[in-house]
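Chemist: Got a structure here, written out as structure tokens. Questions coming.
The values are calculated or read from the model by the stated rules, or taken from the named source; none is laboratory data. Keep in mind that this is a model prediction, so the values were computed, not measured. Note: ideal-geometry Cβ built from the backbone for every residue, glycine included; neighbour counts use all protein chains shown. What goes into the accessible areas is simple: the full protein's heavy atoms, side chains included, and nothing from ligands, DNA or RNA. Shrake-Rupley method; radii C 1.70, N 1.55, O 1.52, S 1.80 Å.
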Amino acid sequence: MQSLLVKCKLFIIAGLLLLAFSWISYSGNSSHELLAWDDEPYITNNNWVTNPSFDNVVSIFTESKVSNWHPLTWLSYIPEYYLCDTTASCYKNTNIFLHGINAFLVFLLSGIVLCLLLPDKNKKPFEFSSLTEKEIFAASLMSAILFCVHPQR
């Protein structure tokens with residue numbers, strides 16, 4: 001039981017670390033404004049987002065806007081518009097938070113993949129089969145940090 005608590009603490013620390021890396025990497029753009037190129041047609045000049053109704057939600061799923069069809073994006077903008085209005089930093093902070101969560105999911109997925117792909121020590125003596133849980137944890141965390149801070153993620 002004690003070992004499980006230690007592992008849970010390590011995962012919580014890893015998640016918080018990835019959120020911190022995401023914040024440090026991308027918080028410098030908080031002074032930016034909404035862009036006329038895509039933010040205004042997608043959010044502030046989009047009746048589906050600014051005046052949600054049943055008909056508008058149906059339109060989100062059945063029509064395109066600005067030559068695109070992004071129903072889940074437009075649905076996510078509805079509550080965000082009511083929280084942020086036209087404050088660009090609010091939208092950017094939401095994206096930074098979501099990126100940190102995605103980095104944590106990369107961490108979990110890479111750990112699962114490493115555990116599943118590594119052969120059993122008793123069946124096949126591969127070079128990688130000698131990795132310990134700590135090494136798998138470290139490799140997964142490094143891949144998630146790279147995903148989190150790399151500008152071409």
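Chemist: Regarding Lys65, is this residue over 30 Å from Leu141 (Cβ atoms) and not aromatic (Phe, Trp, Tyr)?
Modeler: Answer is yes for this residue.
Chemist: Hey, could you check segment 46-66 for residues that are open to solvent by less than 60 Å² (accessible area, probe 1.4 Å) and in a helix (DSSP H, G or I) and say which is farthest from Cys84 (Cα to Cα)?
Modeler: If we take residues in segment 46-66 being open to solvent by less than 60 Å² (accessible area, probe 1.4 Å) and in a helix (DSSP H, G or I), then Ser59 is farthest from Cys84 (Cα to Cα).
Chemist: A further question on this structure: How many residues, within segment 97-130, are modelled with pLDDT under 65 and open to solvent by 50 Å² or more (accessible area, probe 1.4 Å)?
Modeler: Residues flagged as modelled with pLDDT under 65 and open to solvent by 50 Å² or more (accessible area, probe 1.4 Å) within segment 97-130 amount to 10.
Listed here are the residues, each with its yes/no results for (1) closer than 28 Å to Leu146 by Cα; (2) over 16 Å from the mean Cα position of the chain (by Cα).
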residue	(1), (2)
His32	yes, yes
Leu75	no, yes
Ile78	no, yes
Asn93	yes, no
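Chemist: Here is a further query. Identify all residues within segment 68-96 that are out of contact with any Phe, Trp or Tyr (no Cβ under 8 Å at 6 or more places or on another chain), surrounded by 14 or more Cβ atoms within 10 Å (Cβ to Cβ) and touching a residue at least 40 places away in the same chain (Cβ under 8 Å); write none if there are none.
Modeler: Correct list: Ala88, Ser89, Tyr91, Asn93.
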